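**Student:** First, the structure itself, so that you have it in front of you.
Every number here is computed from the coordinates shown, using simple stated rules; none is lab data. Keep in mind the model is a prediction, meaning the values are calculated, not measured. Neighbour counts are summed over all protein chains in view; Cβ atoms, including those assigned to glycine, are modelled from backbone coordinates with ideal geometry.
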Amino acid sequence: MKCSALFFLLSSISSAVLAAPHAAAASGDLKADADKVEVLDDSPGSAGTWTVIVDNDDPRSLEELMAEMGNIQVKHIYNNTAFKGFSGSLSNASVSKMSVMSGLKTFEPELEVKLLDVQVNAPWGLQRISQGDAIANPPTAEASIAAFDFKYQFNGTTADLGKGVDIYVVDTGVNVDHIDFDGRAKFGFTIDTEQDDVGHGTHCAGTAGSTTFGIAKAANIIAVKVLSTDSGSTSDILKGIDFVIQNHVKRSKEAGFAGSVASMSLGSAVRSTSLDEAVIQASAAGIHFSVAAGNENQDACNSSPAGASQSSNAIAVGATTIDDNRASFSNFGKCTTIFAPGQDVTSTWIGGTNKINTISGTSMATPHVTGLLAYLLSQNPDLKTDTQGMKKLLLSTAGKLSTDKGTVPFANNGFTADAPARKAKRDFARI
């Protein structure tokens with residue numbers, strides 16, 4: 001007897017209106033690596049410009065420590081109540097001396113620092129996911145939300161956000177001609193025609209990577225159409241994942257490739273072992289997965305592919321409201337890896353090249369994390385295919401949110417420098 005279950009596009013449609021990351025470059029203590037510097041000569045500046053902070057407990061004065069280092073062309077002296085040190089052009093000989101000196105707390109080559117850019121009039125979800133603090137006096141009416149001046153903070157420029165990362169939107173397709181994708185969206189796979197007849201996939205793609213409503217504004221958007229209307233089958237979805245894996249392998253050999261993120265805002269209210277296994281294996285192959293936790297207001301471990309998050313590095317995403325509450329529909333529990341904005345989210349839509357719509361669901365929360373993953377990949381190239389390391393990084397940068405189901409991880413701090421079987425056909429229906 002064939003088994004199957006009902007699957008859902010994890011969103012709900014509301015009326016149309018208007019719609020995150022601070023990943024930081026780590027500087028760190030470079031003492032351990034200093035002995036690797038090749039000593040060439042003692043001419044000032046031969047090792048470039050360095051910054052040095054001394055140990056406050058060392059009895060020697062800053063001047064004495066500097067004299068011990070040798071040739072220094074001083075740029076700045078730091079002498080305040082919190083720390084003391086200097087920056088300056090050093091010789092290779094000076095760097096070599098520092099590697100064995102006591103009294104130094106940290107020293108490192110001078111690093112480039114960019115402005116923390118801000119997008120004004122951004123969707124509320126972008127402000128919430130890119131800043132540590134809750135939205136002060138949040139508006140509640142949809143019209144008020146649209147008029148509110150939210151700000152999306154991120155490091156670098158929009159051209160840096162997800163650059164080189166492929167975002168696979170495994171959904172109903174994408175309106176690739178929408179002006180907000182700026183020519184970065186294309187179809188990679190479809191079960192029928194290359195168009196989004198529903199709008200769901202286009203909305204998710206917009207939150208992940210469109211220029212106005214998206215987080216990773218420079219990422220490549222690849223439509224993987226596995227649902228032709230509101231529903232589809234697990235076999236189609238697995239075929240879509242199959243394409244994602246194959247294309248990922250191909251793309252990983254090309255210059256400029258920065259990683260693959262698959263976004264799946266679909267699922268079932270019951271477990272599907274085949275779907276779970278496909279996600280588990282794709283994740284093991286180096287594809288970063290964000291999947292919807294589900295809209296049944298139940299334990300996410302009862303659903304797929306959210307349940308796969310416990311046996312893989314896939315990330316299951318629950319939904320929050322603008323006032324930092326768990327959305328009433330959102331699933332929860334240990335299979336919900338992280339929470340993100342998911343109610344009254346505005347993004348790109350179908351029916352034209354400039355259409356938008358505002359809808360709710362864990363479907364809308366998922367692409368917030370998808371975009372965040374793409375952003376983090378562009379900032380951390382060493383994690384290109386390290387799904388375990390990326391999941392760890394995501395959770396280590398997450399904030400904490402107190403909800404009716406306990407304290408949960410919340411995707412709001414990834415950008416700082418410094419959560420009954422049905423028969424035969426497995427359908428996906430939008431809620």
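**Student:** Can you give the extra length, in nm with one decimal, that the chain gains between Asp382 and Lys400 once fully stretched, where that is 0.36 nm per residue apart less the Cα-Cα distance?
**Tutor:** 3.9 nm
**Student:** Label-point separation (nm) for Asp182 and Thr273, each offset 7 Å from Cα along Cα-to-Cβ?
**Tutor:** 4.6 nm
**Student:** Hey, another quick one. Tell me, what HN-Hα J-couplings in whole Hz come from the Karplus equation 6.51 cos²θ - 1.76 cosθ + 1.60 at θ = phi - 60° for each residue of region 381-386, using x for Gly and Pro?
**Tutor:** Going residue by residue, I get x, 5, 9, 3, 10, 8 Hz, with x marking Gly and Pro.
**Student:** What does the charge count near Thr190 come to, summing +1 for each Lys or Arg and -1 for each Asp or Glu among other residues with Cβ under 14 Å from its Cβ?
**Tutor:** -4
**Student:** Taking K and R as +1 and D and E as -1, what net charge do the other residues with C-beta under 15 Å from the C-beta of Phe243 add up to?
**Tutor:** -1
**Student:** Still on this model: Under 12 Å from the Cβ of Ala398, count the other residues' Cβ atoms, weight Lys and Arg +1, Asp and Glu -1, and hand me the total.
**Tutor:** Taking every other residue near Ala398 into account, the sum is +3.
**Student:** Going through the cross-link list Lys75/Lys217; Lys217/Lys250; Lys250/Lys392; Lys97/Lys391, which pairs have a Cα-Cα distance over 28 Å in this structure?
**Tutor:** Lys75/Lys217; Lys97/Lys391
**Student:** Would you kindly state how much longer the chain becomes between Ala159 and Lys355 on full extension, computed as 0.36 nm times their sequence separation minus their alpha carbon distance, in nm to one decimal?
**Tutor:** Result for the pair: 68.2 nm of gain on full extension.
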